[in-house]
Structures are given as structure tokens and as C-alpha cells.
Number of protein chains: 2
Amino acid sequence: MMENIPMIAAGAGLVGLVIAFVLYQQVNKVKIDNEVVADITDEIQKGAMAFLFAEYKVLSIFVVVVGAVLAWLNDVDTAIAFFAGAIASVLAGFSGMRAATSANGRTAMAAKNEGRAGALAVSYNGGAVMGLSVGGLGLLGISIIAFWLSAGETATDGSMNPVSAAAGFGMGASSIALFARVGGGIYTKAADVGADLVGKVEAGIPEDDPRNPGVIADNVGDNVGDVAGMGADIFESFVGSIIAAMIIANDFEVGTAGDYVLLPILLGFIGYTASIIGVFSMSFLKNGKDPAAALRNTTFIAAALFWAGGYLAIQQGLINVEYGIMHSVVLGSIIGILIGLVTEYYTGIEPVFGIKPKAIPHIGEMSKTGPATNAIAGLSVGMMSTFIPVVLISLGILGANEFGGEKYGLYCIAMAAMGMLGTVGVTMTVDAYGPVADNAGGIAEMSGLGEDVRAITDELDSIGNTTAAVGKGFAIGSAALTALALFAAYTAAIGADKLNLELTEPIVVIGLLIGGGLPFVVAAMTMTSVGKAAGDMVVEIRRQFKEIPGLLEGKEGVKPDSQTCVDISTKAALREMVGPGVVAIVAPVIVGYTLGFNALGGLLAGSLVTGVLMALFMANAGGAWDNAKKAIEQGHIDGAKKGDEAHDAAIIGDTVGDPFKDTSGPSLNILIKLMSIVAVVMAGTGKLSEKGLL
Amino acid sequence: MMENIPMIAAGAGLVGLVIAFVLYQQVNKVKIDNEVVADITDEIQKGAMAFLFAEYKVLSIFVVVVGAVLAWLNDVDTAIAFFAGAIASVLAGFSGMRAATSANGRTAMAAKNEGRAGALAVSYNGGAVMGLSVGGLGLLGISIIAFWLSAGETATDGSMNPVSAAAGFGMGASSIALFARVGGGIYTKAADVGADLVGKVEAGIPEDDPRNPGVIADNVGDNVGDVAGMGADIFESFVGSIIAAMIIANDFEVGTAGDYVLLPILLGFIGYTASIIGVFSMSFLKNGKDPAAALRNTTFIAAALFWAGGYLAIQQGLINVEYGIMHSVVLGSIIGILIGLVTEYYTGIEPVFGIKPKAIPHIGEMSKTGPATNAIAGLSVGMMSTFIPVVLISLGILGANEFGGEKYGLYCIAMAAMGMLGTVGVTMTVDAYGPVADNAGGIAEMSGLGEDVRAITDELDSIGNTTAAVGKGFAIGSAALTALALFAAYTAAIGADKLNLELTEPIVVIGLLIGGGLPFVVAAMTMTSVGKAAGDMVVEIRRQFKEIPGLLEGKEGVKPDSQTCVDISTKAALREMVGPGVVAIVAPVIVGYTLGFNALGGLLAGSLVTGVLMALFMANAGGAWDNAKKAIEQGHIDGAKKGDEAHDAAIIGDTVGDPFKDTSGPSLNILIKLMSIVAVVMAGTGKLSEKGLL
């Protein structure tokens, strides 16, 4: 059985991809019988495609250059694996974006023609195309890698360097993910911030108003950022957690290593199969009373099957590993869910398990005294919200390490990350469902489909926001654990006997400080980019409102020049995504070669700590600002209401939070893993020395 | 000679305190021949004294409780040393505050009656009272500790625990410093933010307008926060760097240890003497053309004498230590100056060594598109500004470690911190001069002393802002190096053979993550406090403008109710300062006793990394926002000017920056050292175990 695991997993991946394609066809069958909706859908799809192709053109240069360097420094296998990882990541992002742009308008139409259940099905299936693609491509890619790594035997015959190849695949996935997240994040937020600032704040017209020249760019951005960017991001996480476990296991004694190398693939297979069942269960669940419960239940079904399947596989001897390993998988899932609940507590309006959130009322209250106190409140909520998740992550590390004992402690930490990502097929579905429902609402608004339709899409959207919280918990928790596992993989690749990572060594502290600084640098770069691009957008939208007669008044037949705004976002995203990506790849190289491998180890640990904290801070501050604004709009804050000064202040806070939660924050999750995997690849060259150039 | 060093140093400290007292008398001799100035000076002094006494009352409870715990867990010596450190810190803050509140109004009067040179002399002397008090009290206290530690011999006779006693003194100084910084910071920023938001933004009246009920509280706050808080802060730094070096040296071989234990005291003595000479050189320099150059030159004279004196003392055999140690002292000074210049580059308007700053123009530009883009720009400038300083600190660690070699590497890192703090007598003078000049301007405005006076105080104030940048560089750089040295002291106290601080140990990573999170928690707590208190202040000031007839119109004889605003700030500061202080002291205790001494080591390293980064981020973002607003006011930003929308946006950014730069940021510098020193004290009990309660 054991040696067949990669083949079975690859087969499951292929089947899942076919299912994804069928779902895509089904989504496309929903008819769009409204000309405006058809036009807008078309415009958004074209804009998104144009951006993605332009982005891929830039990235292909990067991939070729880095691939050549890898072939030269490591070996051709690593370079090929790198290409494969990059291409798989591109496909994951692309397929999701195709599905989402098709589903957006069709969800709106289904809401009009078939009511809530129909709209829920279309948007869910749109998300499922992405979820199943990400999981399927991941399984397929990893299985190919596993042929190299199979059973750990090749590791010793010297014919190739399987660790380096696996890391190469991960590096391909991670680097594309970082560019996609940063590029997509800058695109969407430049458009969003620009459109909101002039539209909502200055001109006083509603969100998604068709008079606003930035609205199409904003909608395109939602797809290239929140969907394609997120797809590449989750693909990277999924692949990264599996690879980290495999590389650690590859270092175990010959004989036992094989099973441990293959376990993450087996679990990936089980989780993916469970996810497919979870996705299909929606057909039965969608007609229930509570769509939120339906969404939640699809993930619960998948998780339960995943856990049961994992325990069963080990118990039945399908694979020869310690039974306790599965406890760390379950622990990982639980920690992920808890982090999600904490996120909900700090960023949500509704009580979490009966505990009334205080953060949003606090920010709402502070909005009454203006944008400055709103900003101070949002920033402090974001900072405070980092602590419990960090403690939870620590408990996860502690528990997994205990379950693993002396021998398998670090391996179990990687397996805890797998616990968060094993059912990625369905969790990603729910994640991707959110932006689809959101954009459906935007399209309904722009094409005047009426109050009833908007009410349905609004309900679906607000559910998406809550489910997204759990998704974020999984994303951040798994990033921390995966980065830690990759760090362990790095130390294994260098050789524990050679390394000296004592915190009392000044060179380790130096690495720690520099590594700690890098997330601040990348956060700053991405925020500056959004700020600049949004500034350009503001100038352009203001110009159009001033120079195009009748636009602001809504005169019949007067249309804004959306294309110019799309161009501004596209150019800014392509120009600005390069810097952060280069920093992430070059920084470990420079530190590794000048200060040596101990400093590089310190760098990874430092970036892990501040990266996780800054990612939590920025994501939660952004989420809290967003919901504080909504809380005012929905009348949750006494003495404040839509259109008053407190609301204006809250809009400003929300705008500051936009790049926090959708550009900089998510980039940091990828950054820390990308740097770790670059380090693992470098370790694979055997050319790193203790002292570097010192 | 050697055994007399503590005595000589104590003598110098006493002489310096006498000089400080004479300078204080001189400042008081300047006549206040304007009734309004006299009234305001009186009101500010009373308010500041009232607050400080209320604060000390709260702190005395804390000091007694913690002292009792120390007497019980460690020994009575540690408790006594803790009391001494706390009392010395209180005296340092108090004396500075007395001098500053006297000098504020008198500087304004001197500007009117004697012109610029006179005003410069009074404000400089006001600062010098503080500088010499801080240095003198530090030398005196440390010298007493040195009798215990003398020559390292007592360390082995078992009669007492000198490490624990030295750490106790440091802990007293650090804990008072944290409370003073946080309390003073909340006081001043609640008043400042509240007064600005209603006064400048809503009512459109100028800063420091006597109609504004919050102006007196704001002025009181400047003294209790920027002066008394800063005094306690710098005192803590000075003492901390000396103690760290002494504790490390105490672990050297018996026989050589003594000289290394005494070297920091000798250098403290030399630096203090050099500082006194530097302060006196102002009498000759003040009549020169360029007051900025005069200020700078007083510090240069002191630094040159300090370096020369240090080299000479070693070369002449006054103390028997490696000559190379002095290189690290000089390196530390240079690194401190470079960090200061980088700070100036990121937060200043004027070119730094011919390099034109880009950050302020960027924020200014972004202000044109509103407060949201201004906030995004300020935050990203702050984040970006962390990197070069972190690299410089790393270079300092690397260089000092090289100068020290195998044996004295960590010691030399502590000595590099001494390089930044040795001439604290004069650098603190220049630091304290800034707020005095600033407040003189405020008093001149409130009492209508006229344009000419205001022009002089404005010039002196703007010089203060630049010199403050270098002071900040020293504060942050020395905090990082001192915390690292205290970390080394902690490892020495536990015993390097027992500790396992490898980054591959999960428990160390857990400590790293939790420690990394604490600066975020403390930053969040302090910002929330400022936000809340400022919110209360806004409500009160709005009420007064609405309910007191004729106040806003400036009707003759109508006065605001300043006392209520003073009360709001006082109560908020006292209530809110407790939390962060408790976190700082309790967190290492909990982690140490539950997770063991390896996790505690990780905690210290984690808090060091994020604490330094967050302190840099917050201080520089705040400084940049402040100066971006000033740049618009002074016409440096094309297309923006005082009173337009860009300026309004910049004021909002400046307000967000207020708690960043004056409350949360500086608190973090103290936090990381306080936690380290608590850990050293805990290590001294010998009760920490490897596993804790696990």
C-alpha cells in the first residue's frame, strides 16, 4: 500500500480537478439575462485577465532568472521543481479567478431569479472551483515530488538531492504567492481606497456607484487580489506545510523515514477526499434555514471525516507511524479554530460564544471624537489582538512537541500545520465564496437589480465575513507552524552538529534583529505602494468628476472612463510588486553568505516572530476598522449613524485598514515562509559556511 | 587608585548635584515681571507638583509590595537596593521637573528682556539641572552598589549576593521609569490630543490659545511627561548600562574581575566630569551666531573629553583592563550618533549631510488626498525607518563583540551602550532643553508677549527638535545594547552550562513568540489609555466651549475651567499607568516559573527584537507626522498650506503620532530593560528551574 500513496494522491488530485472543471461548467450555465450585468461581468473578467497576463509576463522573467541561478548553484532538479511549483501556483490563482469572475454576476442573477438558495449554490460552487483546484494542484505537485523523495532511500544514494528538489517546489509556489499577494493587494487596494476616498467621502455617492470611475477597477481588484492572490497564498501554505514535514522526516533513520515522509501526502489525500464530500454536502444543506450554518457544516463534515480517516489509516496499518502523530493534527485544527474565534472576537460585532466583543464598540465610540481617536483605537485593537493568538500558537507548539516526544517533536509541529490545512479543499471554498458574494452585491448595485436582490447578496456577504475569520486563523496559525517547521528543515539541512543557534551568540542576535526588521520593511513597502497608487487614483477620479460634464450628476448616457483607472492600478501593481519579492529572496542570501549560517538561522527566527505578530496586528486592525464602520452603519453604536461625523471618521479608519488587511498583512504570512524556504534551498547547496565572509 | 574609584565617583556625583542646585538657583534669579507669565508659571508648577505627588503615592505602594516580595524571595539587600534605585529615580524625575517648570516662563521672560542669548542660557541651564541631577544621582547610587560588588571578592565569600543587589537597584530605577514614562505620557498626550482636536481642528483657534480649557493641562503634561518621564527614563538607561557591564564582569575570573567591574564606574566618572565641562562651555558658546552649533558643540566637547579620558586612564594604568575595550565605547557613541542621523533623515525637513529627506515630503504629498493616505504614509515611514537603525545596532554588536574577543565580547556590548550614555550629563541637558524651549513658546503665546519673543522661542524650540533626534538615537541604541547585556547577565546568573537557548528548542521559540508579543500588548494598552483619556478630554472641552458663555469668542474676563481638565488627565494617568507596569513585572515571573528558565531566555530575546523595532517604528512615525504638519505650515510642501485640507489631514496624523512618539514608543525602551532586569533578579534567587511547572 505504502509505496502507492503518491500515485493514489495524484489520482485524487486529478479527479478533484475534473470535479472543479465540472463545477465551473455548471456555474457558467447560469444565464445572465440582464444586459448591464453581462456588460459589467465582461468588463471585470477582461480587466482581471489582462492584469493576470501582464503579471505573469513579469513573473516569467523572474522565474527564468531564479531558475537559472538555482540550476547553477544547486542542480537542475531543483530548478525544475522550482518551475513546477511556480506554474502550479499560477494555475491555482488563475483557475480561481476565472471561476470567481464568472460566478460574481451569476450569483446576482441567481439571487434575482432563484432566490437565496440558488444564489448560495452559485457562489459556493464558484468558491469550490478554487478550493478544489488549489487542493488538487497541490496534491498532484507534491506527489510528483514524492517520487523523488520516496521512502527516503534516494536521499542516501547520492544521485540527486531530494530535499533541495522539494524545497525548490515550495520556493516556486511561495515566490509566486508573494508576488500575487503583493501585486493583487496593491491593485485592489489602490482602486478601493481611491474610489472610496473620492466617491464616499468627498462626493458623497454610495459605494459601488456606477458613476464612480474607480468602481470597475475596484471590482477587478477584488478578483485579482482577494481571489487570485488568496488562491496562490493558500496553495503555498498547503504545499509548504506538507513539504516541511517531508523534509524533516527525510532526516529520520533510514527504514522508518519512508512512512513519515509519506504521511503528509496520505493525510493530504484523506483531507482532500473529505473536502470533496464536504463540498458536495452543500447540495443538501443549501435549502436549510440558515446559510451560515450550511457553510459551517460543510467544513465540519470535512474536518470530522479527515480526522477519522487519519486515525483509521494509522490504526489499520496503512502506514507505519506512531499513533500519537494524529493528535497533533487534531490539535492543529483546534488551535486554528480558536485563533479564528479570537479574530472574530476582536474584529466582529456579534457575540462569540456568548462573549460580547468590546473592540468594535470601543472603536465605534472613539470614532465620535474624530478620525485621530478612531485611528488610535484601531491600531491599539490590532496590537492587542496579537497576544492570545500568539499564546495559542505557543500552546500548539508545546502540545505538538509533547505528542511527538524527543524524536518526532518538530515533525509533529509541521503536522499541526497540516491539521489546519488538510481540508484546504473546503476551507478555501468557503474563503473564496466570500469575495464572490461581495462582488455579486457590487454588481447588483451597479446594475440596479433592486433592493430584494441586494438584501440576499448582503446576507450572503456578511456570512462570508464571519467564515473568513476562521480562514484567517488557519492562514496565520499555519504560517507560523509551517515557518517553524521549515526552520527545523533548515537546521536539519545544514546539520544540527554544525549549527550553533544559541541566543547567547551575538551573531544569532544580529540575525534575529535583522530578520525581525524585514517584515517591517515589507509592510512599509507594500503600504507605501498602496498609498502612492491610491493617491494617483484619487487625482484621476477627482479629475474625471470635474472634467466630464454630467458625470457626477448622473446624466443619462454619461459614462466614466473606467479604463484609465484600471490602467493606473495595473501599472502600480506591476511596478510595486517587484521590490518586496526581491527583498524576500535576496535578504536571506545576503545574510547567509556574508554573516554565515548561524546568522541566517537567527534571521529566520526573527522574521518568524515579528512576521506573525505584524501579520496578526495588521489583519486584525484592518478587520476591526472595517467592522467598526459597519457597526455604525447598522446602528450598533449609540449616538452615531451613517452619514454623521463619527461615520466619516470610521470610513477614514477603514481606508487606513484596507492595505493593512488586504495587502501588507497577508504578504507577511508568505514572506516568512518564502525566506525560510529560500534558506532551505541555500542549505541544500552545501555552500553556506559558519562565518560567511566575516 | 583602583579601590578608590567608587569613592571618587560618588564625590563627583555629589559635586555635580551641588552644581545642579547652583544652576537651579541661577535660573530662579531671572525675574518674571509679567503678571500673566507669573500666573501661568505658578499654575503649571502647581499642577505638575500635584500630579507627581499623587503619582508617587501610588508608586510607593507598589515599591513597598515589590520590595517585600524581593526581601522574601531574594534577600534584604536586594530589597534595599531596589528601594534605593526607586528613590533615586524619583529624585531624578522630580528635580528635572522642578527646574523645567521654573525655567519655562523665565526663558520667555529672558527672550523678552535679554534677547536670544539670554533665553538660550536660561533654557539650557534649566536642562542642565536635569542632566546633572540624572548623571549625579546615577553615579552616586552606582558607587554605593559598587562597595558591595567591590573587586568581585565579596561575590565568593557568600555573605551576600552582589549580583542580585545590583540588579535590585536597576530594577528599582527601571520600574519607576516605566511608570513615570507611561503615566507622564498618558497625562501629556491626553491633554495634548484633546486640546488639539477641539481647539485646532474643530474650533479653529491656534495652539496654546488661553481660551482652550485644555491648554494648562497640556503644559503641565509637557513637564510631567517630556521632562520628569524622560528624566526617569534616561536615569534608568544610564544605571542599566553600567549595572549590566558590572554583572557581566562579576562573572570573570577572580583577580581580573575587579577592574572590569569598576571600569564602567570609572568611565561614568570621566563622562560625568566631561559633561560638567561641556555644560559650562555654554557660557562661552551661547553668544555665537548659531545657537544650534552651540548646543551641538557642548556635547562634542564632552564626548571628545570622555573618549580621551577613557583611553588615557587605561593607558596610564589607572585601571588594569584591555585597551581595546575603549574602542567599543567609541564605537557605541558613533553608532548612537548614526542612529540619530537616520532618525533625522526619516523625521526631519532639512537635509542630513546633503542628503535630502524624502519621508516628510512623501507624507506631506499624501496629506493632500486626506487623512487616510496621510496615516498610511506615516505608518509606512515609521515601519521603514526601523531597518537602518537595526542594521546599525547589529554592526555595533558585531564590532563590540570583535573588539572584546572570545573573553570580553558580551562585556564590550555593554560598554558600547556606555559609549552612548557616558556623557549623559550633557546629552540629557540638551534633551531637556527642548521641552523647556517648547513650553516657553507656549507661555509666550498664552501671555501675549508678542511676535518677537515668539520668534526667539520658536527658533530655540526648532533647534531642540533636531538635537532631540540624536538623543532618541542614543536612547534606542543604548536600550537595545543594554537589554542585550542584561540578557547576557541573565544567562550568566543562571549559569551557561545549565541553559539551553538553542533556537531549535520549541520551548525557546515559545518564549520568543510570547516575549515578542509583549511590546505589542504594552503599546496597545498605553495607546488605548491615551485614546480613552483624550476622548474624555474632548467631551469636556466641547462642553466648556458650549456651556461657558463668551469663552470661545474670547470675551474679556471669561476664563476656562482648566482645573477640570487637569483632573481628567491626572486621574487617567494614575489609573492607566498601573496595567503596563504590572505586565512588565509579572510576565517574566509567570513565564519563568511555569515554562522554565529557557523559555524565559527566549522571552527576553523576543521582547528585545520586537521592543526595539516597535519603539523605533512608533517614535519615528510620530516624529515624521509631527514634522510633516510643520513642513506644510512652513510652506515646504507645494500646493499645501496652513489651514487647507492637506493641513487638516496632517494635524490628524500628528495627533495619531502623539501617543506613538511620546507614550507608547518610549515606554517600550524601558519595558525590554525592565523585563530583563526582573529576569536577572529572579535568576539571583536560584529558584528558577529548567522545566518550570511543566
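The values are calculated or read from the model by the stated rules, or taken from the named source; none is laboratory data. Everything quoted here is computed from the prediction, not taken from an experiment. Ideal geometry is used to build each Cβ from the backbone, glycine not excepted, and the neighbour counts take in all protein chains shown. The protein model used for the area step is the full one, side chains on, heavy atoms only, and it has no ligands, DNA or RNA in it. Shrake-Rupley method; radii C 1.70, N 1.55, O 1.52, S 1.80 Å.
Under the combined filter of DSSP loop state and at most 11 neighbouring Cβ atoms within 10 Å, segment A:158-265 retains these GluC sites (Glu not before Pro): A:253.
Grab every C-alpha pair in chain B, bin the distances at 10 angstrom width from 0 up to the longest one, and report whole percents. Distribution as computed: 3, 17, 28, 27, 16, 7, 2, 0 percent.
In the full protein context, the protein assembly as shown carries 31 Å² of accessible surface per residue, based on a 1.4 Å probe and ignoring ligands, DNA and RNA. So, in Å, what gap is there between the alpha-carbon centers of segment B:472-510 and segment A:590-649? Centre-to-centre (Cα) distance: 27 Å. Compactness of segment B:531-604 was expressed as the Cα radius of gyration divided by 2.2 N^0.38 Å, which yields 1.94.
When the C-alpha to C-alpha distance is required to be over 31 Å, the pairs from B:46/B:641; B:46/B:112; A:368/B:112; A:46/A:641 that qualify are B:46/B:641; A:368/B:112; A:46/A:641. A helix-only calculation puts chain B at -28500 deg cm²/dmol for mean residue ellipticity at 222 nm, using -39500 (n - 2.57) for each DSSP H run of at least four residues, averaged over all residues. Magnitude of the charge dipole for segment B:535-651, about its Cα centre and with charges confined to Cβ atoms of Lys, Arg (+1) and Asp, Glu (-1), is about 240 debye.
Using a cutoff of 8 angstrom between alpha carbon atoms and counting only pairs six or more residues apart, the relative contact order for segment A:466-575 works out to 17 percent. Placing a label point 7 Å from Cα along the Cα-to-Cβ axis, residue A:4 is separated from the same position in the other copies by 9.2 nm, shortest listed first. Modelled spin-label separation between residue A:72 and residue A:546, with each label point placed 7 Å from Cα along the Cα-to-Cβ direction: 5.0 nm. Based on Cα contacts under 8 Å between residues 6+ apart, segment A:275-406 shows a relative contact order of 21 percent. For the protein assembly as shown, just say rounded, prolate or oblate: build the C-alpha gyration tensor, square-root its eigenvalues into a ≥ b ≥ c, call rounded for a/c under 1.5, and beyond that prolate if a/b exceeds b/c, oblate if not. Oblate is the answer for the protein assembly as shown, as a/c is 1.5 or above yet b/c matches or exceeds a/b. In segment B:604-630, burial by the other protein chains removes 40 Å² or more of 1.4 Å probe accessible surface, compared with the chain on its own, from B:609, B:613. Annotation note: GluC sites (Glu not before Pro) in segment B:512-596 located in DSSP loop regions with a Cβ neighbour count of at most 10 within 10 Å are B:553, B:556. Working from Cα positions, state the angle (0 to 90°, nearest 10) between the long axis of helix A:451-494 and the longest principal axis of chain A. So the helix axis and the longest Cα principal axis differ by about 20 degrees.
Chains B and A together bury some 6100 Å² of accessible area, summed over both sides, with a 1.4 Å probe. Label point of residue B:578 (7 Å along Cα→beta-carbon): distances to the other copies' equivalent points are 5.7 nm, sorted ascending. Principal-axis analysis of the Cα atoms of chain A puts helix A:506-547 at an angle of about 20° to the longest axis.
Only aspartates and glutamates eight or more places from residue A:29 in sequence, or on another chain, were considered; those with a Cα closer than 18 Å are A:39, A:42, A:114. State which stretch of chain A is the longest one without any exposed chymotrypsin sites (Phe, Trp or Tyr not before Pro), exposure meaning a DSSP loop state and at most 16 other Cβ atoms within 10 Å. The reported range is A:354-694.
Dividing the mean sequence gap of close Cα pairs (under 8 Å, 6+ apart) by how many residues chain B holds gives a relative contact order of 21 percent.
Here's the picture: charge each Lys and Arg Cβ at +1 and each Asp and Glu Cβ at -1 in chain B, and of B:535, B:349, B:587 the one pushed furthest to the positive end of that dipole is B:587.
Note on chain B: dipole from Cβ charges, positive end direction compared against B:128, B:267, B:489; the farthest Cα belongs to B:489.
Remark: spin-label model distance residue B:293-residue B:61 equals 5.5 nm, labels positioned 7 Å along the Cα→Cβ axis. Here the accessible area is traced with a 1.4 Å probe on the protein chains. For the protein assembly as shown, carbon and sulfur cover 61 percent of it. Dipole check for segment B:340-426: with +1 at the C-beta of Lys and Arg, -1 at the C-beta of Asp and Glu, and the Cα centre as origin, the magnitude is about 160 Debye. Counting from the shortest, the label point at residue A:358, 7 Å from Cα toward Cβ, is 4.3 nm from the same position in each remaining copy.
Please give the helix A:5-29 orientation as an angle from the longest Cα principal axis of chain A, in degrees from 0 to 90, rounded to the nearest 10. Between helix and principal axis, roughly 10 degrees. Only the Cβ atoms of Lys and Arg (+1) and of Asp and Glu (-1) were treated as charged; on that basis the dipole of chain A about its Cα centre amounts to roughly 180 debye. For segment B:494-520, a reduction of at least 20 Å² in accessible area between the chain on its own and the assembled protein chains (probe 1.4 Å) is found at B:501, B:502, B:503, B:504, B:506, B:509, B:510, B:512, B:513, B:514, B:517, B:520. Applying a DSSP loop filter and a limit of 16 other Cβ atoms within 10 Å to the trypsin sites (Lys or Arg not before Pro) in segment B:584-669 leaves B:641, B:642.
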